[in-house]
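Taken together, the values in this text are just the output of simple stated rules run on the coordinates, not laboratory data. All figures in this text were calculated on a predicted structure; none of them were measured in a lab. So basically every Cβ, Gly included, is an ideal-geometry build from the backbone, and we count neighbours across all protein chains shown.
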Ligand code: HEC
């Protein structure tokens, strides 16, 4: 009986841990509720991703060059609009080591988060689903990794495969572009959600 209990308890614990979704990547501070950080962050990140990808897919119906112009013109303001829908308490951003728009360059904390995903991928061969970071006593951040899908390669893949008109537009609009050369399944960057600590205590 005793032995059975000893075996059953770890199994229950394992199941409980496996079912706690979305699971924070690491414990940062016991004074906030990390499950809340993960819930708020995941929901905001999904709203942003679905909003942007939905508009991108619609724009792609007009052709890659038109969609590129749409992204170059609208991605920043669309992100700000979706942020308003999510709630003015939260700040959203997309960032990457290989950014196209310098406005999306990572700050010091985002650099650490990007490095976390990159190292974990190199060590384990898979991307963690999220990362939680304490920036200050007032700010927590939730990060969700972005992976390249086949359609993304139209504008982020091998430049030699781009339509000539797209190639020209890309060089004219982003002369310092770092966001090319990706393959399907590559780690592209992150969506970052800043959450005030007052929302997650
Ligand atoms: C039609 C061309 C096009 C397609 C397709 C496209 N992108 Fe982009 N992407 C852009 C442009 C242009 C920017 C820079 C606009 C901005 O964010 O201000 C950009 C910026 C980004 C950024 C912000 C960081 C940076 O580099 O500035 C991320 C992240 C990103 N793209 C991911 C993706 C993903 C993931 C997909 C596929 C789901 C995708 N993109 C498909 C054109 C495209």
Nearest-ten-degree value, helix 164-173 long axis tilted from longest Cα axis of the chain: 70
Mean residue ellipticity (222 nm) of the chain, computed from DSSP H runs ≥ 4 via -39,500 (n - 2.57), nearest 500: -16500 deg cm²/dmol
Angle between the chain longest axis and helix 2-19 axis [Cα atoms, degrees, rounded to 10]: 20
Cα-derived Rg over Rh, computed across the chain with Rh taken as Kirkwood radius: 1.05
Principal-axis tilt of helix 34-60 within the chain, Cα atoms, nearest 10 degrees: 20
Candidates 121, 52, 146, ranked by Gaussian network fluctuation over the chain, Cα under 10 Å, top entry: 121
Cα→Cβ-extended label distance, 7 Å offset, between residue 39 and residue 85, nm: 2.2
Spin-label proximity, residue 31 to region 160-201 - amide N less than 15 Å from point 7 Å beyond Cα toward beta carbon: 196-201
